[in-house]
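Participant: Once you've had a glance at the structure underneath, I'll fire off some questions.
Values in this text are rule-based calculations from the coordinates and carry no lab data. What you see is a predicted model; the values in this text were computed from it and never measured. Heads up, the Cβs are rebuilt from the backbone with ideal geometry, glycines too, and the neighbour counts pull from every protein chain shown.
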């Protein structure tokens, strides 16, 4: 499955991406996880299965949802605490829950 | 109880407004436009810094090895980057805005640049005036790129304005012909505006806007009051977990970039960093106030290592150290958390306030030179203090003083938070959580 994380500059989110990939590997889940800026998202819409938004840019949710709805991609904001502790496991679970 | 009410009020009333501002299409395009040209700005800044590095040994060495004219390289790099700031940002904003409408970005960018040049005065020997292509022309540039792109997009919707091409013509060609009529309308309109303004006011739109709007605003933004206002708004937004720097970005860049540009070009021309005009600039905040990220969280990391006992806080401190050195602090803000944490509200807002005052005072009485370089915002403190002042150790001293003040101010609050966390029965959850994080 393909998971996109959206944030502003991609600096801190890339740490989370790394932890999520590790978590996915440990669980034996095949997942492609990448961080994008909002603007880049459009080019990837067709391939994506879940979009998770960093809590610091959660005001983008409405607009991203607007576009993602037509592709039937679920969109959610990453839990504050899970984001802050860079908890890859928890955020991966959040993504999985959204698709099931 | 009151505190809860306040939080609730802010969540309900303030947050949606801040969120709306943060996602306004035009502001987002302006912000992203500035982000896009940042590499060139930083390169230009670097060129000036190298040319004017205050080590006699270095200067003598360069002259000895490359001859007297070695500075020409840096000077011409400046011309191609910072000196044409307005031109660059016009293209970049127009592109981003068009892209957000899913319109043709490259055409929009080209037309906007054309329109800007139409509005820009020509020098006596028929050259483009660098005076207005740089930061002085920024307001006209931003407005031109937005209006031109809006007109381009709206006209682009009308089928009748598209020139019909025979079947089989490649898409690129069709696209560029589609842009023909809108481009013609925009450029002729710009030409008309330029002519009318020159006829009626005897000066170009650049000169008019600069003297009526941009200059007064710049004078205003160089005051302690507006520096404090900016620091306060930035902190408040971040306290609610919103990207303050990002939301305030468009205003910050449009108003404060010209200030650092002027400092820098005077510095390049040989003025000492003490004598350049502006105290408050974006590098001023980056170097002296937001060390480790908004809220001077590098100091919070120090405070944690100095006094905190609970494992959760120490783990977050450790996790945040490496990114913190590069002024990235989301792990700290959301992990501690600082965001929506009533205990941290006071220091988080107060500390940048105090640091702004200290830095402003230190510069205005002449202890520390003013900022004359733009660095990537990820430049670690200490290094940034040295470079941003054009190579002065007093900048580093100011950073150390500010870090000490901030650490001392964070200590009582993080101790209080620490004690209540240790008492809290929920702390078991935290311990579990951090075991997962640290992989134990």
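Participant: Rounded to the nearest 0.05, what FRET efficiency do residue A:71 and residue B:79 have when you use their Cβ-Cβ distance and R0 = 45 Å?
Facilitator: Values: r = 46 Å, r/R0 = 1.01.
Taking R0 as 45 Å, the efficiency between residue A:71 and residue B:79 is 0.50.
Participant: Given only helices, namely DSSP H runs of n ≥ 4 each adding -39500 (n - 2.57), what is the per-residue ellipticity at 222 nm of chain A, to the nearest 500 deg cm²/dmol?
Facilitator: Details: 5 runs with 50 residues, N = 100.
Taken over chain A, the calculation gives -14500 deg cm²/dmol.
Participant: May I ask for the angle, rounded to the nearest 10°, between helix B:244-268 and the longest principal axis of chain B, with both axes built from Cα atoms and the value confined to 0 to 90°?
Facilitator: 70 degrees
Participant: How far is the Cα center of segment B:326-390 from the Cα center of segment B:133-153, in Å?
Facilitator: First find each Cα centre; the distance between them is then 32 Å.
Participant: Can you divide the C-alpha Rg of chain B by 2.2 N^0.38 Å and report the result to two decimal places? List each step's numbers first, then the result.
Facilitator: Details: Rg = 25.0 Å, N = 440, 2.2 N^0.38 = 22.2 Å.
Expressed relative to 2.2 N^0.38 Å, the Cα Rg reads 1.13.
Participant: Does segment B:1-103 classify as rounded, prolate or oblate by the C-alpha gyration tensor (a ≥ b ≥ c root eigenvalues; a/c under 1.5 gives rounded; else a/b over b/c gives prolate, otherwise oblate)?
Facilitator: On the way: a/c = 7.12, a/b = 2.04, b/c = 3.49.
Oblate, because a/c is 1.5 or more while a/b does not exceed b/c.
Participant: Be a star and scan segment B:296-317 for residues whose amide nitrogen sits under 15 Å from the point 7 Å along the Cα-to-Cβ vector of residue B:419.
Facilitator: Once the point is set 7 Å along Cα→Cβ of residue B:419, B:307-310 turn out to lie under 15 Å by backbone N, inside segment B:296-317.
Participant: Between the helical axis of B:342-364 and the dominant principal axis of chain B, each derived from Cα atoms, what acute angle in degrees is found, rounded to the nearest 10?
Facilitator: 60 degrees
Participant: So, R0 is 25 Å and r is the distance between the beta-carbons of residue B:309 and residue B:408; what FRET efficiency does that work out to, to 0.05? Mind dumping the intermediate values first?
Facilitator: Values: r = 19 Å, r/R0 = 0.75.
Approximately 0.85, to the nearest 0.05.
Participant: What number, in percent, do you get for the relative contact order of chain B if the mean sequence gap of Cα pairs under 8 Å and at least 6 apart is divided by its residue count?
Facilitator: Details: 605 pairs, mean separation 69.4, N = 440.
After rounding, I find 16 percent.
Participant: Let me have the 222 nm mean residue ellipticity of chain B computed from DSSP H runs of 4+ only, each contributing -39500 (n - 2.57), with the sum over all residues rounded to the nearest 500. Don't skip to the end; give the middle numbers.
Facilitator: Values: 22 runs with 304 residues, N = 440.
The helix-only estimate for chain B comes to -22000 deg cm²/dmol at 222 nm.
Participant: Rounded if a/c is under 1.5, else prolate if a/b is larger than b/c, else oblate: which is segment A:23-100, with a ≥ b ≥ c the root eigenvalues of its Cα gyration tensor? Walk me through the numbers on the way to the answer.
Facilitator: Details: a/c = 1.85, a/b = 1.29, b/c = 1.44.
It is oblate, given that a/c is not under 1.5 and a/b is not larger than b/c.
Participant: What is segment B:22-209's relative contact order, in percent, from Cα pairs under 8 angstrom and six or more apart in sequence? Intermediate results must be reported in sequence, preceding the final value.
Facilitator: On the way: 225 pairs, mean separation 41.2, N = 188.
Value for segment B:22-209: 22 percent.
Participant: Which of rounded, prolate, oblate describes the protein assembly as shown, given a ≥ b ≥ c as roots of the alpha-carbon gyration tensor eigenvalues and a/c under 1.5 marking rounded, otherwise prolate only if a/b is larger than b/c? Write down the numbers at each step before the final one.
Facilitator: Working: a/c = 1.95, a/b = 1.22, b/c = 1.60.
Oblate is the answer for the protein assembly as shown, as a/c is 1.5 or above yet b/c matches or exceeds a/b.
Participant: Additional query: Which one, B:263, B:194, B:60, has the greatest fluctuation when you compute a Gaussian network model over chain B with C-alpha springs under 10 angstrom?
Facilitator: Comparing B:263, B:194, B:60 in the GNM, the peak value goes to B:60.
Participant: Using the beta-carbon distance between residue A:34 and residue B:106 and R0 = 30 Å, what value does 1/(1 + (r/R0)^6) give for FRET efficiency, to the nearest 0.05? Provide the component values of the computation, followed by the final result.
Facilitator: Working: r = 26 Å, r/R0 = 0.85.
Once the sixth-power term is evaluated, E becomes 0.70.
Participant: Quick one: helix B:311-325 against the long Cα principal axis of chain B, what's the angle to the nearest 10°, folded into 0 to 90?
Facilitator: Taking the Cα atoms of chain B, the angle to B:311-325 is about 30 degrees.
Participant: Which percent, nearest 5, of DSSP beta bridges in the protein assembly as shown are antiparallel?
Facilitator: The antiparallel proportion sits near 5 percent.
Participant: How high is the relative contact order of chain A, given as a whole-number percent (alpha carbon pairs under 8 Å, six or more residues apart)? Display every interim value, and only then the final one.
Facilitator: Details: 156 pairs, mean separation 34.6, N = 100.
Relative contact order here is 35 percent.
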